[in-house]
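The values are calculated or read from the model by the stated rules, or taken from the named source; none is laboratory data. Just so it is clear, the model here is predicted, and its values are computed rather than measured. All Cβ positions, glycine included, derive from the backbone under ideal geometry; neighbour counts span all protein chains shown. We work out accessible area using only protein heavy atoms, side chains counted, and drop any ligands, DNA or RNA first. Shrake-Rupley method; radii C 1.70, N 1.55, O 1.52, S 1.80 Å.
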Amino acid sequence: AEIRWGIQDADKHRDAISINQDGVVSVSKAGEYTITAQAGGQEAACTVLILEAGEAAPGQTKLTQLDGFAILENAETQFVFNLREGTYSVYSQAGHKAYVLNAYTQVNDAKSYDGYRFTCEEIAGNAPADTSYDTPKTPASGKTIRMTGTKEGAAGIVLEVTLEDDKGSLTLANGVVNNTGAELKLMQMYPLAAHSANGGGIFAGPDPKSN
């Protein structure tokens, strides 16, 4: 059957992205786009995030917020947090190989992908008094960002990420903001968790199939 390709909200993105009937995509502007395909009475869709490259100075860490994503990167590493879904991935800039895919953070039984909506801010100094932990001082070089997730009737989930200039490793910390008015007992906190059933993975080597 013939495949009919398209872009969701095509008029809105007319100046940014196009696709021909061979499925070849042309993009002129960074953003989040949904590509559709119709054939035989069925339709499939895929959402992609297009990032701009080449803006960061060599080794310098920068923060970009774009269409519901927070992106922290330097010349070595790229950290991408989906503020709507509560998940994140980490890539190497060389070849864009995945170290982490669709990971989440967890406090007690609350998981960041379970109905939480996040905001992102760059921080300095210590955390405010209403959090359950002390934040390390911002590094002399690089950036620290804080993602705070909220959900009606639940305590807030916090994930902090530090990426130093000229270094490929990330420092992760998580916490909770108890805005429920009830006593909260902390039993477990995981800044990094991933399950293959949810499309997640943590890779320790160059080959995701074996590492």
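What to note about this one:
- Extended-chain gain in nm, criterion 0.36 nm per residue less alpha-carbon gap, Arg4 and Arg84: 25.9 nm
- A 1.4 Å probe over all protein chains sorts His96, His13 by accessible area into His96, His13, starting with the largest.
- Other-chain or far-sequence residues with amide H under 5 Å of Ala154's (modelled H): none
- For region 173-186, the Karplus equation 6.51 cos²θ - 1.76 cosθ + 1.60, evaluated at θ = phi - 60°, returns couplings of 8, 9, x, 9, 10, 7, 10, 8, x, 10, 5, 10, 10, 7 Hz by residue, with Gly and Pro reported as x.
- Heavy-atom accessible area ranking, 1.4 Å probe, most first, across Arg84, Arg146, Arg4: Arg4, Arg84, Arg146
- In this structure, the amide hydrogen of Ala193, modeled 1.01 Å from its nitrogen in the peptide plane, lies closer than 5 angstrom to those of Tyr104, counting only residues at least 5 positions away or on a different chain.
- Two-site label geometry, Cys46 and Glu122: point separation in nm, points 7 Å out along Cα→Cβ: 3.4
- In the structure shown, the pairs Lys97/Lys185; Lys29/Lys143; Lys29/Lys167; Lys12/Lys143; Lys62/Lys185 are assessed against 32 Å; a Cα-Cα span above that value is assigned to Lys97/Lys185; Lys12/Lys143; Lys62/Lys185.
- Residues Phe203, Phe79 ordered from highest to lowest accessible area at a 1.4 Å probe: Phe203, Phe79.
- The simple spin-label model puts a point 7 Å past each Cα toward its Cβ; for Thr150 and Gln38 those points are separated by 3.9 nm.
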